[in-house]
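Worksheet for the structure shown next.
The values are calculated or read from the model by the stated rules, or taken from the named source; none is laboratory data. Just so it is clear, the model here is predicted, and its values are computed rather than measured. All Cβ positions, glycine included, derive from the backbone under ideal geometry; neighbour counts span all protein chains shown. Surface areas here come from the heavy atoms of the whole protein model, side chains and all, with no ligands, DNA or RNA. Shrake-Rupley method; radii C 1.70, N 1.55, O 1.52, S 1.80 Å.
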Amino acid sequence: MKILMVLTSHDQLGNTGKPTGFWLEEFAAPYYVFKDAGAEITLASPKGGQPPIDPKSDEPANQTEAMARFKGDPAAQKELANTVRLREVKADGFDTVFYPGGHGPMWDLVNDQNSVALIETFYNAGKPIALVCHAPGVLRKVTYQGQPLVKGKRVTGFANSEEEAVHLTEVVPFLVEDELKRLGGHYEKAGDWIDFTIVDGRLITGQNPASSGSAAKKLLKLLNP
């Protein structure tokens with residue numbers, strides 16, 4: 001079982017002058033779900049190398065078991081520091097792709113033609129795809145049979161109420177919930193910060209950081225029914 005994980009390379013939170021990147025739990029939890037299942041994992045990002053970790057995700061209140069495990073895992077840290085360039089990655093040879101969120105993907109991966117083409121190739125080949133938190137926004141330009149991939153599908157992603165709670169509604173380029181609805185997706189959500197993942201056919205979406213582990217587990221179930 002070979003799994004590709006795609007992370008952001010974007011490290012600036014709009015025009016605020018503040019740093020952003022990927023949310024550490026949304027990488028760490030799925031990474032170990034996959035690792036413990038015996039998967040071979042490849043990490044990629046648009047620029048390659050070390051992707052930026054959102055410092056907020058590493059604050060004391062946000063620590064999780066998976067993050068603690070990652071911090072004690074030099075091999076995983078080395079792997080993360082040496083992601084391959086996204087443009088060098090082909091869907092062939094991988095069984096699936098997983099996109100962790102954080103705010104970063106809303107600026108780079110959303111518009112990255114390599115990412116768009118990669119997701120479309122996976123999906124067209126009958127392979128499942130999974131995205132969590134802000135990462136479902138990466139589907140903005142992804143199409144399937146001439147229509148937005150999310151059109152007519154049950155989906156979730158970072159809720160408007162969650163974006164309001166972190167005071168970034170006016171900073172982000174768009175709201176994930178609104179965009180998924182605009183594209184014709186049947187958006188659903190649980191309460192703020194509650195673990196909530198939706199599987200619709202080969203598309204798996206998770207609402208927030210708490211959903212990253214469950215999204216990874218549901219992806220494994222699709223791969224190993």
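Before moving on, here are some points about what is shown:
- For ASP108, net neighbour charge (Lys/Arg +1, Asp/Glu -1) across residues whose Cβ lies under 13 Å away: +3
- Heavy atoms of ASP200: accessible area, 1.4 Å probe, square angstrom to 10: 40
- Secondary-structure-derived ellipticity at 222 nm for the chain, considering helices only, amounts to -8500 deg cm²/dmol, per-run term -39500 (n - 2.57) for DSSP H runs with n ≥ 4.
- For the stretch 2-223, size of Cβ-based charge dipole, Lys and Arg +1, Asp and Glu -1, in debye: 720
- Magnitude of the charge dipole for the stretch 118-208, about its Cα centre and with charges confined to Cβ atoms of Lys, Arg (+1) and Asp, Glu (-1), is about 600 debye.
- Set of aspartates and glutamates near LYS141 by C-alpha distance (under 13 Å), chain-local residues within fewer than 8 positions excluded: ASP108, ASP112, GLU120, GLU179
- Here the convex hull built on the C-alpha positions of the chain has a volume of 110 cubic angstrom per residue.
- Residues whose amide H comes within less than 5 Å of that of THR143, counting only those at least five positions distant or on another chain, are LEU149 (H built at 1.01 Å from N in the peptide plane).
- Take the Cα radius of gyration of the stretch 154-225 and divide it by 2.2 N^0.38 Å, N being the number of residues; the result is 1.13.
- Ordering GLY191, TYR123, GLY104 by the projection of their Cα atoms onto the charge dipole of the chain, which places +1 on the Cβ of Lys and Arg and -1 on the Cβ of Asp and Glu, puts TYR123 at the extreme positive end.
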